[in-house]
Each structure stands twice: as C-alpha cells, then as structure tokens.
Amino acid sequence: MGLFGFGKKPGLGIDISSDAIRAIELLPTADSYTVARVASVTLPKKLIVDDEITDLEGLTKALTQLRKQSGTAVKQVVAAVSGSQAISKQVLMASDLDDEAISEKIETEAEALIPFPIAEVRYDFESLGEHATMAGQQRVLVTATRTISVDTRVQALEDAGFKTQVMDVDNQAILRACDHLLPQLAPEIVASPHPILVLDIGYAAVQIIVIQQGEVIFTRYQSGGLNNLLGAIDDDGAIEHAQLMAKLRANETDDMSALVLQDFLASMAAQVTRGIQTFQGNSAEKEFAGVVVINAGATLPLMLDSIRKQVEVPVLALNPFEQFALPDKLVHFHYQGPLFVEAFGLALRSFVPWHM
C-alpha cells in the first residue's frame, strides 16, 4: 500500500491473528527504539477462520477495545495479511528502474507475475538490491494478495479509528523482527552461514519459515496448532482454554494425560519434519544455524524441551521484551513476548522507507 516513512513519529503495529489482536507502539530514539505501549485483546472463536474475517463488526469492536486499552493516540498503523493469502515472486529488472517504472513494468507483466486478475489484487514490491552475478540487474520481490483480504482488514481498522498506512505480509514482519532482535539475543545463530528455521506455533496453525541473509527463502503453512492440544486435554469443553494455557506455561501438567501430551508433541514433530523435508528436498541447504520459536508455542516449556531433544542446534524462544524493556505498568506482558514478535516487526515497518 505504497511507500511510507514516519520519521520520528511513533510506529504502531497491529497483529490480527485468529485468537487475538496484539499491538506494539515503538518510539524511535537516537539509535534504537523504546516500547511505549503494548495491548492485547482476545477474539471470539471463529471470528477469523482460515485467515478470513467472518465477522467484520466483531473485529471492529475488538480493535476499538484494543485502541482504548493501549491508550494510544497514534492513528497510522501497520498491519498484515497472512502469507498463506499472499503470492511472492522474485524477478529481475534493470537496475536503473525507479519505483514508478518498476510499478509500470509489474502491471504490464502482471499476467506472468501474479496468478490473479490484476483488477482483483493489491500488490507491492521491494528492491532487494543488485544481483550478485548479473551486472545491471536488480532483484525485485513482488507480493500480491486478493483485494478482499486487504480491504476487510483496512475497513475494520478504519472503523475502529485507525488509518492503515502499510499492509504487510506476516512472514516479512517476522523476518524484520528476527533481523532486528537476533544479533543481540542470539549472535551465535546469526554468525552461522546456514539458514535459520523459524517455527511460528500458533493456536490454529503452524508456519515454518526459513530465513537466510535477510530474506525469507521458504514458508509452509500447516493447520493443527495448539488448539489441537487444548481440545485433547479438555475433550468435553469444561475448562477455559486460558486456564489450560496458564498451567502449561507453568509446566503444571501432572493432572494432564501424559499420553495426550506425548501424542501432541509427536504429531507436532512429524508436522514440522515434513515441512523441513519439503524445504531440504528443494534446496542445497541441509543444516540450520538454529531454531527460533515464536507465538504461543514458544511460551510452553514442554514444547521447547521437545524441540531441543530433536535438534543439535541452538533453540531460542524469541522475546522482543528481552531486548526492549517494558514500561513498569506493562511488565505483566513480558512472558507473552513471543506472541508479540509479528506486532514488533510490523511496528518496525513504520520506520523503514521501502516497499512491502
């Protein structure tokens, strides 16, 4: 949705997920950022199904509640669509083309670049710089998604009092957060020549992301997130899932079926392994520098222990609040840090003067 840079103004990122909406407001400092505000509002079940909004009015109410809870006065916001709804393709173009010329070329060649009618999509692009071996050529990443996927989110945000300045893609926001956080929190992973495996373990799905040298080189979305575990533990729906998550986060699992837990972890491991095999089958890379776990799965000790037992590389639960301290009144959000990785990456987008 165009090229925007907010200068020294605050940056507000809002992550619209299937289970909740989460916001981070960042303030730029001389050489970094500070976290000014953090907020989270749980969404009703089935308000978002398969990344599609089924209740626009309900989402608007939740976003209005989020704005009030955060206390933000910022109107401009960066949000995202799911990468499962977007098509990304890297193409070569002449290095001397500016943004306007690149846009014209994309529209001229839209049929070959975008598998939807151009009138039905929103697209954006980012120059990835000069090609390493082809002089006079730049690499351009073109990303497109159906207009309805963008417009429903934009409409809900605007009805809640926000103005959408940039509509990003979730895996690009996660990449941005990793690029910003990992050099400080996991320098040994960054120093490796091998790619980094990111496991985005949410409630409804798992996203496998492989990043290397500042680019997303592979993604895979698979249904079957933590809701499968919560449903198996509470098969009659008698217990609030928030209660179950609190016990799982505290590693208080003695009253839970060991077989149910083991079955879920085995199923998750098989699911991730299939995704990794798909990547390795189409790549020369067979090793990873490390595993970065984000979202709700990263808050569960049993999940992290299971992953660490299966790999020989470092495993990190990525928490932005380990590097960027929260204001005293917001310290209760610290343990939720892995759930805010995407929102953090979206807020960072406010200060980046390039497309995507």
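Nothing in this text is a laboratory measurement; each read-out follows from the coordinates by a stated rule. Predicted model, so just to flag it, every value in this text is computed and none were measured. Every residue, glycine among them, receives a Cβ derived from its backbone with ideal geometry; neighbour counts consider all protein chains shown.
In this simple spin-label approximation, Glu285 and Lys46 carry label points 7 Å from Cα along the Cα→Cβ vector, and these lie 4.0 nm apart.
So what's the net charge close to Ala269: Lys and Arg +1, Asp and Glu -1, counting the other residues with Cβ under 14 Å from its Cβ? Write out the running numbers ahead of the final one.
On the way: positive: Arg274, Arg308, Lys309; negative: Asp263, Asp305.
Local charge sum for Ala269: +1.
For region 281-356, the list of GluC sites (Glu not before Pro) that fall in a loop by DSSP and count at most 13 other C-beta atoms within 10 angstrom reads Glu287, Glu312.
A full extension of the chain between Ser192 and Glu215 corresponds to an added length of 6.8 nm, given 0.36 nm per residue minus the alpha carbon distance. Pairs spanning more than 18 Å between alpha-carbon atoms, out of Lys61/Lys163; Lys45/Lys68; Lys89/Lys286; Lys68/Lys329: Lys45/Lys68; Lys89/Lys286.
Kirkwood hydrodynamic radius, region 187-313, all distinct C-alpha pairs: what's the number in Å? Intermediate values should be presented prior to the final figure.
Numbers: mean 1/r = 0.0646 Å⁻¹.
Hydrodynamic radius (Kirkwood, Cα only) of region 187-313 equals 15.5 Å.
For the pair Gln65 and Gln90, the difference between a 0.36 nm per residue extended length and the Cα-Cα distance amounts to 5.1 nm. GNM remark for the chain: springs join alpha carbons under 10 Å apart, and the peak mean-square fluctuation among Ile102, Ile48, Ile21 falls on Ile102. Within the listed set Leu157, Leu181, Leu304, the residue fluctuating most in the Gaussian network model of the chain (springs between alpha-carbon atoms under 10 angstrom) is Leu304.
Each Lys and Arg adds +1 at its Cβ and each Asp and Glu adds -1 at its Cβ; summed about the Cα centre, the chain shows a dipole of about 640 debye.
From least to most packed, judged by other beta carbons within 10 angstrom and beginning with the fewest, Phe340, Phe264 follow the order Phe264, Phe340.
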